[in-house]
Amino acid sequence: MSEISERELGEIYDFAVQLGKDAGNLLMNFAKARWGDKGSGEQLFSEKDNAVDIVTKADEDVEAFVKSSIQKKYSTHKFIGEETYSKGASRDYLIGDEPTWCVDPLDGTVNYTHLFPMFCVSIAFIVHGKATVGVIYAPFLNQLFTACKGRGAWLNETQQLPLIRNPIPPMPARAPGGCIFSCEWGKDRRDKPDGNMHRKVESFINMAAEAGGRDGKGGMVHGIRSLGSATLDFAYVAMGAFDIWWEGGCWEWDVSAGIAILQEAGGLITTANPPQDHQTAEITNVRLGSRLYLAIRPAGPSDTETGRQTQERVVREVWKRVRELDYSRSGA
């Protein structure tokens, strides 16, 4: 595979940003068809798998638009999209070394169905298995998050991320106390003792409980938020609005663009599952596609620590309080 030059990467970035805007506008056209004088009132969705996994006509049409636009411009690039990927066909890692576009045409589908504004289109360009360009557009909110490796991360193309920059604050000294903790319920709702849902609920309670409670696991976080969109969770961590995001079960299209944006903003992304010795284990960047993610917002230095040290300290404090999740796949 030939290397992609800086100039070519810049062209891909510009193309991806415009494509994200166009795809987001298409999503809003579908949404507007359900309200106002010109709306037919017709529900443009059907149910698949369960009530939490609603696939809309907008999903399919927006992905088809994005895929055809990419194939016309970059016919040799690989394309992975949520709607065109057969979820049951393989659990192997989907992304290799070849230039790859990874797209979620509509993340936050349940939100979209209810016209709750936390939904978005997500477009990532990946080289050598690394998320290099990321575009997330939430059209209802008119929020466009973008990043290109080496060029920083941006909100609406004018505000560099994180938003608080002069200086970027360190992670709180008493973290997870003082932190906004973001999490999602996920699609695995089986009421199974010690299953993923029960482990998540226990972890949420640990993070929320009073400091020192629950046999020392109480985290007393400042607040817990669930947007219903893993993609926007990532964007809000990059923005600095969320301090911590912890989740299992995400696929590549849920996280690729967010990883590109958060890394360019200066955030840390590692595994959600606590290692056996969470106090001394090495903290490494998570593999794209692992399905287990812990993200920490960008952080500046304190009087006694570097920004990275404050992030790693918070990682260990989260690991102390959360349960291991089971979202295994081949090669993991």
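The values are calculated or read from the model by the stated rules, or taken from the named source; none is laboratory data. Computed from a prediction, not measured in an experiment: that's the story for all the values here. Note that we place each Cβ from the backbone using ideal geometry, even for glycine, and neighbour counts take in every protein chain shown.
Of the residues in region 208-217, at least one is at negative phi and in a helix (DSSP H, G or I).
Residues in region 181-188: is at least one surrounded by 14 or more Cβ atoms within 10 Å (Cβ to Cβ) and of a type in the set (Ser, Thr, Tyr)? Within region 181-188, one or more residues are surrounded by 14 or more Cβ atoms within 10 Å (Cβ to Cβ) and of a type in the set (Ser, Thr, Tyr). Residues that are of a type outside the set (Asp, Glu) and either farther than 28 Å from VAL103 by Cα or surrounded by fewer than 21 Cβ atoms within 10 Å (Cβ to Cβ) (or both): does region 244-256 have at least one? For region 244-256, residues of a type outside the set (Asp, Glu) and either farther than 28 Å from VAL103 by Cα or surrounded by fewer than 21 Cβ atoms within 10 Å (Cβ to Cβ) (or both): present. No other residue among PRO301, PRO275 is at pLDDT 95 or above, assigned by TED's automatic domain parsing to the domain that holds GLY218 and assigned to a loop (DSSP other than H, G, I, E, B) apart from PRO301. Check whether at least one residue in region 240-257 is in the same structural domain as ARG313 (by TED's automatic domain parsing), assigned to a loop (DSSP other than H, G, I, E, B), in contact (Cβ under 8 Å) with a residue 12 or more places away in the chain and of a type in the set (Phe, Trp, Tyr), and report yes or no. Yes, region 240-257 contains at least one residue that is in the same structural domain as ARG313 (by TED's automatic domain parsing), assigned to a loop (DSSP other than H, G, I, E, B), in contact (Cβ under 8 Å) with a residue 12 or more places away in the chain and of a type in the set (Phe, Trp, Tyr). When the residues of region 33-82 are filtered to those that are exposed (fewer than 10 other Cβ atoms within 10 Å of the Cβ) and at pLDDT 80 or above, which remaining residue is farthest from ASP97 (Cα to Cα)? Among those that are exposed (fewer than 10 other Cβ atoms within 10 Å of the Cβ) and at pLDDT 80 or above, it is LYS72. Against the list (1) hydrophobic (A, V, I, L, M, F, W, C); (2) in contact (Cβ under 8 Å) with a residue 60 or more places away in the chain; (3) more than 21 Å from TYR293 (Cβ to Cβ); (4) surrounded by 14 or more Cβ atoms within 10 Å (Cβ to Cβ), the condition MET220 fails is (2).
Here LEU141 meets the list (1) in contact with a Pro (Cβ under 7 Å, 6 or more places away or on another chain); (2) at pLDDT below 95; (3) assigned to a loop (DSSP other than H, G, I, E, B) almost entirely, failing just condition (2). Across region 223-235, the qualifying residues are those that are of a type outside the set (A, V, I, L, M) and buried (at least 24 other Cβ atoms within 10 Å of the Cβ), and the one among them that is farthest from VAL315 (Cα to Cα) is SER229. In the set ARG151, ARG189, ARG165, only one residue is in the same structural domain as GLU264 (by TED's automatic domain parsing) and basic (Lys, Arg); that residue is ARG189.
Residues that are crowded, with 22+ Cβ neighbours inside 10 Å and free of Cβ contacts under 8 Å to residues at least 60 places away in the same chain were ranked within region 294-331; the one that is nearest to the chain's Cα centre (by Cα) is LEU294. Criterion first (of a type in the set (Lys, Arg) and closer than 24 Å to VAL135 by Cα) does ARG225 satisfy it? In short, yes. Are any of the residues in region 118-132 surrounded by fewer than 24 Cβ atoms within 10 Å (Cβ to Cβ), under 16 Å from the mean Cα position of the chain (by Cα), touching a residue at least 60 places away in the same chain (Cβ under 8 Å) and not in a strand (DSSP E or B)? For region 118-132, residues surrounded by fewer than 24 Cβ atoms within 10 Å (Cβ to Cβ), under 16 Å from the mean Cα position of the chain (by Cα), touching a residue at least 60 places away in the same chain (Cβ under 8 Å) and not in a strand (DSSP E or B): present.
The condition of being outside any loop (DSSP other than H, G, I, E, B), over 24 Å from LEU161 (Cβ atoms) and assigned by TED's automatic domain parsing to the domain that holds PRO193 holds for only one of ARG316, ARG308, that being ARG316.
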